[in-house]
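**Student:** Once you've had a glance at the structure underneath, I'll fire off some questions.
The values are calculated or read from the model by the stated rules, or taken from the named source; none is laboratory data. Worth saying up front: this structure is predicted, and the values here are computed from it rather than measured. Quick reminder, even Gly has a Cβ in these numbers, built from the backbone with ideal geometry, and neighbours come from all protein chains shown.
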Amino acid sequence: MTSLALPPYIMTSEEGSFARHTIENRKPLIIDQILADFPYTREIRSALLAFKEELKQGPISLLRENTSDKTLWDHDLQPWSGKGWLEMPWFLAEAYFYRRVLEIVHYFQPGPWIGLNPFRRMKEKEIDGALPVFTQAYETMAGNPDLKNFQDYSYKALWGNRADLSNLDAFSDDLSHQSDLIIRDDSEFAYQLLREMPGKIYYIFDNVGNEIYLDLAFIDFMLEAGLATAVTCVMKNQPFFVSDAMPEDLFLVLDRLASSESLKVRNLAQRMKHAHQSGRLKIEAPPFFTSSRMYRQFPEALRDQISAHTLTILKGDVNYRRLIGDRHWEPTTPVGRAAGYFPISFMSLRTLKAELIVGLSDELHQDLQTSAEPDWMINGNRGAITFLKI
């Protein structure tokens, strides 16, 4: 499928859309939370408040600091020069918002604020609050390498994606199967692939909180069950979308697991640390994943790296958005038409928090349109497990 045949981007200019809501309502609240969490200088605080006004009135300002990614951001923003934040593609607006926040708080600049994650306190609260919920769920999870248990880990990893500090504040501790709310479930096809061809998995993480704990449990299950020979954990190299997982978050989570009162949870931490030491668990954070680029735009070197794996597992809504390009696909569009470019087979685990989806049957789409709540595509109540064999 050529780029000329791709549908248009979801735009922040679309009246009444969730895309517009995130820029008008959610992003200013994130700035307020940053101001409340850290005693920034008067200069930084003033710049953050000015940024709130820019979100309302524009035009979009380019990066001022001389960093290695400035050329890339300038290039991606060039078509929208002179436009406001409510006149551009949704994902570009969201990704650039987080990059601008890092510039304003001097994240990359020498001085007292260098490397200080402006979302750190929000993330640590999620990590600590989720541990008891995870522990209770994990105590009941089994390790037999059959389809039933593979699906149990898949479903829990799916529902762990419900909480997302970038656009939703809800913390959900309901990790039951809720199979009636999974509107597409291709987990059996992914299991069959891994049973036939156990190999390396490229696991693209999303959020901290419940999600990262359940991701690690799922990864451990696949390694112990012989479904995976090695796993590459793909994380963010810098703060992104508030709660997106970075390597430092993973190590913090492993420490939390290791100090648990539950022997089963402590053993999970020990196995994960041993897997990391032995090279079966790798941790990578390519800068591409904190850019504004879609996965159709993988650099050749990254595409080759992914191609050395058997399966990619993509967690969460933003990874799904980047997978299908954050565009206005018809919901009944076949998955292969929207994402057949991907270098290897993939499984996407996503709770619905954006107004886009592909791969629905005509019957299911019609039923959701007539019977589901009006905001079924964005309220996080439903999930989808989408597999495509490449």
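**Student:** Conditions first: (1) within 30 Å of residue 198 (Cβ to Cβ); (2) without any contact (Cβ under 8 Å) to a residue 24 or more places away in the chain. Residue 335 passes all but one, so which condition is the exception?
**Tutor:** (2)
**Student:** Kindly indicate which of 253, 242 is assigned by TED's automatic domain parsing to the domain that holds residue 131, in contact (Cβ under 8 Å) with a residue 24 or more places away in the chain and either assigned to a helix (DSSP H, G or I) or closer than 15 Å to residue 157 by Cβ (or both).
**Tutor:** 253
**Student:** For the range 338-383, give me the residue count where each residue is assigned to a strand (DSSP E or B), in contact with a Phe, Trp or Tyr (Cβ under 8 Å, 6 or more places away or on another chain) and among the hydrophobic types (A, V, I, L, M, F, W, C).
**Tutor:** 2
**Student:** Under 27 Å from residue 328 (Cα atoms) and at pLDDT 95 or above: which single residue out of 27, 52 fits that description?
**Tutor:** Step by step, each of 27, 52 is checked, and only 27 is under 27 Å from residue 328 (Cα atoms) and at pLDDT 95 or above.
**Student:** Going residue by residue through the range 314-330, is there one that turns out to be part of a loop (DSSP other than H, G, I, E, B), β-branched (Val, Ile, Thr) and within 18 Å of the chain's Cα centre (by Cα)?
**Tutor:** yes
**Student:** On to the next question. Specify the residue that is farthest from the chain's Cα centre (by Cα); the eligible residues are those in the range 194-218 that are within 25 Å of residue 359 (Cβ to Cβ), buried (at least 18 other Cβ atoms within 10 Å of the Cβ) and among the aliphatic types (A, V, I, L, M). Working first, answer last.
**Tutor:** Here is the first cut: in the range 194-218, the residues within 25 Å of residue 359 (Cβ to Cβ) are 194-197, 199, 201-207, 211, 214-215, 218.
Within this subset, residues satisfying the condition of being buried (at least 18 other Cβ atoms within 10 Å of the Cβ) are 194, 201-207, 211, 214-215, 218.
Now narrow it down to the ones that are among the aliphatic types (A, V, I, L, M): 194, 201, 204, 214.
Values: 194: 23, 201: 17, 204: 8, 214: 14 Å.
Residue satisfying both the conditions and the ranking: 194.
**Student:** Restrict the check to the range 117-127 and report whether at least one residue is surrounded by fewer than 17 Cβ atoms within 10 Å (Cβ to Cβ) and part of a loop (DSSP other than H, G, I, E, B).
**Tutor:** No, every residue in the range 117-127 fails to be surrounded by fewer than 17 Cβ atoms within 10 Å (Cβ to Cβ) and part of a loop (DSSP other than H, G, I, E, B).
**Student:** Can I ask one more? Quick one: which residue in 260, 307 is modelled with pLDDT of 95 or more, farther than 27 Å from residue 385 by Cα, surrounded by fewer than 21 Cβ atoms within 10 Å (Cβ to Cβ) and over 20 Å from the mean Cα position of the chain (by Cα)?
**Tutor:** Sole residue among the options that is modelled with pLDDT of 95 or more, farther than 27 Å from residue 385 by Cα, surrounded by fewer than 21 Cβ atoms within 10 Å (Cβ to Cβ) and over 20 Å from the mean Cα position of the chain (by Cα): 260.
**Student:** Also, quick follow-up: Picking from 76, 32, 69, 37, which residue would you name as being under 19 Å from residue 240 (Cα atoms) and without any contact (Cβ under 8 Å) to a residue 40 or more places away in the chain?
**Tutor:** None of the others qualify; the one that does is 32.
**Student:** What residue, among those in the range 55-85 that are in a loop (DSSP other than H, G, I, E, B) and within 23 Å of the chain's Cα centre (by Cα), is nearest to residue 290 (Cα to Cα)?
**Tutor:** Taking the range 55-85 and keeping what is in a loop (DSSP other than H, G, I, E, B), we get 58-69, 81-85.
From what's left, within 23 Å of the chain's Cα centre (by Cα): 69, 85.
Numbers: 69: 10, 85: 19 Å.
For the range 55-85, the residue satisfying everything is 69.
**Student:** Those residues that are hydrophobic (A, V, I, L, M, F, W, C) and surrounded by fewer than 19 Cβ atoms within 10 Å (Cβ to Cβ), I need them from the range 286-298; list them, please.
**Tutor:** 288
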